[in-house]
Structures are given as structure tokens and as C-alpha cells.
1. What number of residues within the range 409-430 are farther than 18 Å from LEU288 by Cβ and either open to solvent by less than 30 Å² (accessible area, probe 1.4 Å) or without any contact (Cβ under 8 Å) to a residue 60 or more places away in the chain (or both)?
2. For the range 470-497: of the residues being touching a residue at least 40 places away in the same chain (Cβ under 8 Å) and among the polar types (S, T, N, Q), which is nearest to ILE293 (Cα to Cα)?
3. Identify the residue in the range 578-612 that is of a type in the set (S, T, N, Q) and part of a helix (DSSP H, G or I) and, among all such residues, is farthest from PHE636 (Cα to Cα).
4. Can you name the residue in the range 448-482 that is in contact with a His (Cβ under 8 Å, 6 or more places away or on another chain) and outside any helix (DSSP H, G or I) and is also least open to solvent (accessible area, probe 1.4 Å) among such residues?
5. Tell me, which helices (runs of 4 or more DSSP H) lie completely within the range 330-421 with 3 or more residues that are among the polar types (S, T, N, Q) and within 25 Å of ARG435 (Cβ to Cβ)?
6. Considering only residues that are touching a residue at least 24 places away in the same chain (Cβ under 8 Å) and farther than 22 Å from ASP660 by Cβ, look in the range 614-641 and name the one that is surrounded by the most Cβ atoms within 10 Å (Cβ to Cβ).
7. Consider SER485 against the criteria (1) within 22 Å of LYS699 (Cα to Cα); (2) open to solvent by 20 Å² or more (accessible area, probe 1.4 Å); (3) small (Gly, Ala, Ser): it satisfies all of them except one. Which criterion is unmet?
Amino acid sequence: MASLVPSFEYDIFISYRQNDNLDGWVTDFVTNLQKELRGTLKERLSVYFDTNPCDGLLENHNVDESLEGRLKCIILIPVISKTYCDIKSFAWNNEFIAFRNMASNDHVGLNIKLSDKNVTSRILPVQIHEISASDQSLFEKENGSPLRAISFIFKSPGVNRPLLASDNRSENLGKTVYRDQINKTANAIGQIITSVQLKTAGGLIAESHAHAPVLKSNPDATAPERFKKNLSRKTIIAILTLVVFLLVYFYYRKNLAHPQEEGKISIAVLPFENRSSNQDDEFFADGLTDEIIEHLSILGELHVINRQSIQDYRGNDLSYKKIASELNVSNILTGSVRRSGDLIKISATLIECATNKYIWGETFQRTGKDLMAVQSDIAKNIGSVLNIKINNIEEKKLDQVHTLNSNSYDYYLKGRTLYYRYDNKSNDEAVQQFRKAIELDPHYALAWAGLGDAYSQMHSRFGREVAWIDSSIKAGKIAVSLDPSLSEGYKALANAYTYSHKYDTAFVFLQKAVELNPSNAQAIGNLGTSYFLRGNLVEALKWEKKAAGLNPKNAIPFQIVGWIYRLLGDLPKAESWLEKSLELNSTSYWDTYEMLGYCYVCQGKKQEATQLIHDLLSKVNPDSRAYETAGVMAHFAGDILNAREYFRKSIDLNSSYKDDPTTVSAIGLGKILLGEGKNVEAEVYLTHALEINLGEIRKNSQDKNIPFNISGIYAILGQHDKAFEWLSKAIQSGWIDYAQLEYGPWFAGYRNDPRLISTVKTLSRKTSEMLAKTREM
């Protein structure tokens, strides 16, 4: 199991002299410490403990190659005994001294500042003997600080030995109790790990300063970004200090945004009408609508419906009462935009839905230079009319102007509008617009966040080169480094890490995004998805339903809720949520069709599943992802011939097939070809898929589907033991989709295998328990 913190191999390394474990004391200490850690920390830590009975590695082992990876850990625990502090010993030289040197020079540093402002070392000694003055002096000299060890010493007249669990406190001169000392050790570890996680998260942001971008004069939207330095050292230090402070502050806030309170004042902003003769100004009107929504969402006492939910009402003649009923809001803001040269006229009107009365209206005339403040003026006016208190922090956010370049602002608004269309061509155009905005104002954080969002879709949504994910991460880092208070920046960065399967890192940034703006509906929905990807389906369901409340017309929260119910085994409820998602959007999301197809097959509705494939290919852009989804659904439904052709088309259209860890087309095609007796061709596809997935394991991917994919490949190849070995690893990582075992084609030949039957029962019981918890919410 890898470290909780990316770039480390282990969380804890136990260093000791082998003679101190002749009676098993160190082994027992490690066992008891691991138990205590599981009861103290939410996430399981990885511990390296050498069980070799010899003192150090064998003579024919290369010390550097064998130990360097293992020593790449967060914490070293040296067991200080009568013999440990010995400059001739292996443990002293190749573990204690080597770790000290390595930690002193890595990106975290040897000494860590804790949340209580105290500083501690990543070397956490435990002491089992009182040692001589010369040994203590040697340790303190090399450690660079006094020996402050957690004591596991039993001392009485003439006795100096390790403390045991069976020892009586009253008989020990130190009055220590073994269990209490284990607990102290676990608590100290927890403090260090948390502080390192925060520092590392801050470092991820600060790293971007070393590679801050300068756009080429002729940007190429068909290839990933390349970046150069452009920020000074002083700027880096100043921003990094602020970022780390914010990370610590947000991490220790007790409560994240809670679901909407009953009776909270609510509002929907309908799409502003473009009254200019130039149809290109439609983008400006839409972008301005989005900006007003963003500014209103800053007001903590106001519940704001997200932009995706208001698009259906463009040009719609429905009454305001009808719209209010559908969106469950008490107020509606409507307006128009007219541009004439450099002069822009913006009219806004607020309607109280219960009475259908106009309770506020105003027309703003702005030139390009002072346009950027109009959203703030509108938000403040609405806050005043609705008697909403605006605190100092909200006031500061409302007054913040993200760019002083009106043309850059124009490009940004157009980019956002194009991005929200969620199709391949529009996304490419959005990239161009964001890059033009950045070219005019390289410090425009919102434009960098938009660029990061658009880049992240290139691979994940549209099947383009994997390298776009790296570009997305870099753009997101720059956004939050330029503006550490920008919710959209943290959300964009989190998206990129999610798509690169770094779920824990993404989770930290999503928490920041929601904390900075509790009404950021996309961040709220993504936080629900983050809980989902990390295996906490109960919490995921709560956040996704909150997102659905903010986005009653947005298909994604409905899709994820349906997905969760499918995994939990409530297929009728899953089906209803997924069908609602398709009702809201049937042209953008191939994964909704896939989840609904699974529901149909698992309920014996194969004809409905087959029809769903035709709907998918007729309504969604038939790219690599869409054809793969059609292949998976056809394979699930037993339509082998069509599944084979869909998988082939998916592979042909996948420009990153050779190194794409998210595709399963090669596995499905390999299974079908093997069944047709085309063994060589099948082996080519299956071997390639195996290599890609094993490579993801080596990269410490947190995608739970990766070990399951490996298990499926071995199952197809008839390597039963390896198949169940990797299936066990998948389950240990949190994989629970037992419908894949019961109904999927990969394990079709194992239906009567007692191991598979037992696994399905275990997972079914586990998901039933989670489903019961969701009903208690």
C-alpha cells in the first residue's frame, strides 16, 4: 500500500537493531501500533517493517537500491535501545543517518510545523532502554536536537528493559502504561502526517510558480501547453505563504457547507437576452449571466440556482410562477444586454414569484473599462432589496475585479459559455478564447481556471491525448497561485487531479473550493463525486442530492445519484434517477447510458438495453468514448457481434489508445476474439491492456477499477488464482460493483466458482448495509 502523500513510498519506516527483536518486542510494537492507527486515523497508513532476522540486508544486496525506495517515507521511527546508537551498525548508518539526510533535502523537509504552531521532526524516536550519556550525546549530535522519545521503558531497582503490555503501572518507576504509550505514538504520527499533507498540498500550488506560463503569440489549441517562468522569487514566497495559511485555516474549519437551510431566500437568474444586432454578443449575454450568478452565490444567506438549470427557460413563455415552482425558488432575476460600440447597456429586473411583482429594476450603462463592476452592483442591490446581510468578507469578494482588461474579460465570458456546452468542438473553441484572455492578461486567474477546466475535458470526456491532463493540472495550479481565494481555481485543479486518479489530492482541493464558496454548485457536485470515488457512498449521496437542489435542470448530479443507487443494489431507484438524467440531457453524457444499460441488464431488460445503445449512438457524438460505451453495453447484453465492432471503432478513434488507462475496449475485444478462437490477436489486446493497468498500479493510481480490470484480464486468460488475487486487491481498495461479477462477461465462466459466489455475497451484504444508512439520512 502506498503512502497517503504522493511522492512517498511509505508513511512510516521502523528502524531497529535486530537483537532488540529476539523476543518479538519490536514485532509486537508494530502490530499494536498499526491497530491503534486504524482506530485513531480515518485512512490506513503504510508501515515498512523489516522482518529479516539478520541485522540489515544481506551482503549481496545493494543497499542503495534496496533501501532508498523504502526510506522514502514520511516518518522514521527509530527504536532507541542500548545498542542502537552505534556508528558501526547497519540501522544507524543506512536507516537513521540515511533518512535524516534524505528528509533534510526533500520537498517537505526534516522539521514540520504542526497546527498548534509547534515544530517537530519527522524522526519520531521510541525508547526501550535508558541509554548511556555517550549514546545520548551521539544521537542528539546527529539528530540536531535533544532526544525527546516516547518512552517504552520499564524501570525499577536494577531493571532497565522494554515496557510490556502486561506490566503494572505501580511497579514501574516511570508510571507509564504500554497502551497509553502506543496511543501517544499514534497521535504524534497523526499530527505529523496531517501537517505533511497540508504542506504538500501547499507545495503543489507553489510548484506552479517555477513554471508559470507565457503564451506563444500563435497559440496552438491542438497540442498541450508548454510553460515558462515568469514570476519573481519574492512573489512566489509571498503567495506561497498566503496559500499555506489558507490551507491550514480551511482544513481545521469544523464544518463544510451544509445542505440548504429550510426557508432560505432563493433566486434563479434567467438567461439575459441579447438585444444587440451582432449575434456574437449572445456569448457576452450568456457570460454576463454566469458572472451575475457567481456574484450572487457569494452571498451566504442566498440560495442561487446554478446556470445549467436555467438554460431551458431561454425564450420560454412560461409564467414566472411556473418557473419558480419548477426550480423551487422565491425570486427570479431577468434582464437584457445591448452593446453599441464601446457602450454597453444592461437592464436587470427582480420579480417576487409569490406575488408576481417587480420589486427592483435598474439599467446600467457601462463602457468596456468599467463593465467588470456591474455584477457587483447588481448583487449588492439584490442583497439590499431582499434584506440580506453582506458581511465584510462577502463585500470584499463582491468588490474584487479579476481583470482590468475589457477585451480579456470578453474572451473569458465567451470561453465559459462555450465550455458549458460540453461538446468536443465547443470545448476546443473555449480553449482558444481562454488563451486569448490570458494572452491579454497573464494574471487573470479566472481565465486560467477556465483553461484548466477545458483542458481536463480533452482526455477524460473526449478521449484526446493523456498529456492534456498534465496541462490541466498546470493551469489549475497557476489559477490558485494567482488568486488563493478563488473557488473556481481550486475546483479546476481538483478536476484535473480527479481525472489523473489522484483522488485524495483532489478531495483536499474540492474542500477548499466549497469552503471558499458554499454555493459553488459545480464544486459541491464534484465533492460528492470525490466522496463517491473514495468509496464513501453515503456521504456522496448527500452531497450529490444537494447539488441536484442547486442544479434541478442539470443532468450530472442525477446521473451520479443513479450511479450510487445502482452500486448499492437499489436498481428501481437507480433507473428512475438515470432516466431523469437522460431526460435533462441525452446528448452529452455517454456514461449515463452505460449506467442505465447496466440497470436494465441486471433486471433482465435486455431489449431495453439494446434500444438504449441505438439511442446513445444516435444522440451522442459517436467518438471513442461513445463507441466503447456501446461496446460495453452490447457485451453485457450478450450482443457479441455488435460489441466486437463497437470496441474496434473505439480503439480506432482513440488517439491515446497506446497509453490510455481509462479504456476497457481492448479487454472486451480480447475476450470476444478469444471466444472466436483468434488467440494471437486476443493476446495482443489483452497483453497491452494488462501492461497499461499494471503501469497504473506502479504509479499508485487510486482508481478502484484498475485492480478489477487486471482481475478481469486474468479471468479471461484462465489464470484463476491471479484473477481472484487481483479481485481481492480491488475489493481491499474499495471496489464494490458486484453486478460486474454476476452479469458481466469477464467472469462468465466463474459463475459456479465458490470463491466468486462468496465474493458476491460479501459485497452484496456490504452494499445493503450502506443502503440502509442512506435511508437514515
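The values are calculated or read from the model by the stated rules, or taken from the named source; none is laboratory data. Values in this document were obtained by computation on a predicted structure and should not be read as measured data. Quick reminder, even Gly has a Cβ in these numbers, built from the backbone with ideal geometry, and neighbours come from all protein chains shown. For the accessible areas, the whole protein counts, side chains as well, though only heavy atoms, and no ligand, DNA or RNA atoms are used. Shrake-Rupley method; radii C 1.70, N 1.55, O 1.52, S 1.80 Å.
1. Restricting attention to the range 409-430, the residues satisfying the condition of being farther than 18 Å from LEU288 by Cβ are 422-429.
From the residues that got through so far, the ones that are either open to solvent by less than 30 Å² (accessible area, probe 1.4 Å) or without any contact (Cβ under 8 Å) to a residue 60 or more places away in the chain (or both) too are 425-427, 429.
The total comes to 4.
2. In this case the residue turns out to be SER485.
3. First pass over the range 578-612, keeping only residues of a type in the set (S, T, N, Q): 581, 585-588, 592, 603, 607, 610-611.
Imposing the further condition that a residue be part of a helix (DSSP H, G or I) reduces the set to 581, 592, 607, 610-611.
Working: SER581: 22, THR592: 15, GLN607: 12, THR610: 10, GLN611: 13 Å.
Restricting to residues being of a type in the set (S, T, N, Q) and part of a helix (DSSP H, G or I), the top hit is SER581.
4. By that ranking, first place goes to VAL466.
5. On the way: elements: 374-385, 392-399, 406-419.
Answer list for the range 330-421: 406-419.
6. Out of the qualifying residues, it is ALA637.
7. Unmet for SER485, out of (1) within 22 Å of LYS699 (Cα to Cα); (2) open to solvent by 20 Å² or more (accessible area, probe 1.4 Å); (3) small (Gly, Ala, Ser): (1).
Per-residue answers, yes or no, for (1) of a type in the set (A, V, I, L, M, F, W, C); (2) open to solvent by less than 50 Å² (accessible area, probe 1.4 Å); (3) in contact with a Leu (Cβ under 7 Å, 6 or more places away or on another chain):
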residue	(1), (2), (3)
TRP92	yes, yes, no
ASP106	no, yes, no
ARG122	no, yes, yes
ASP135	no, yes, no
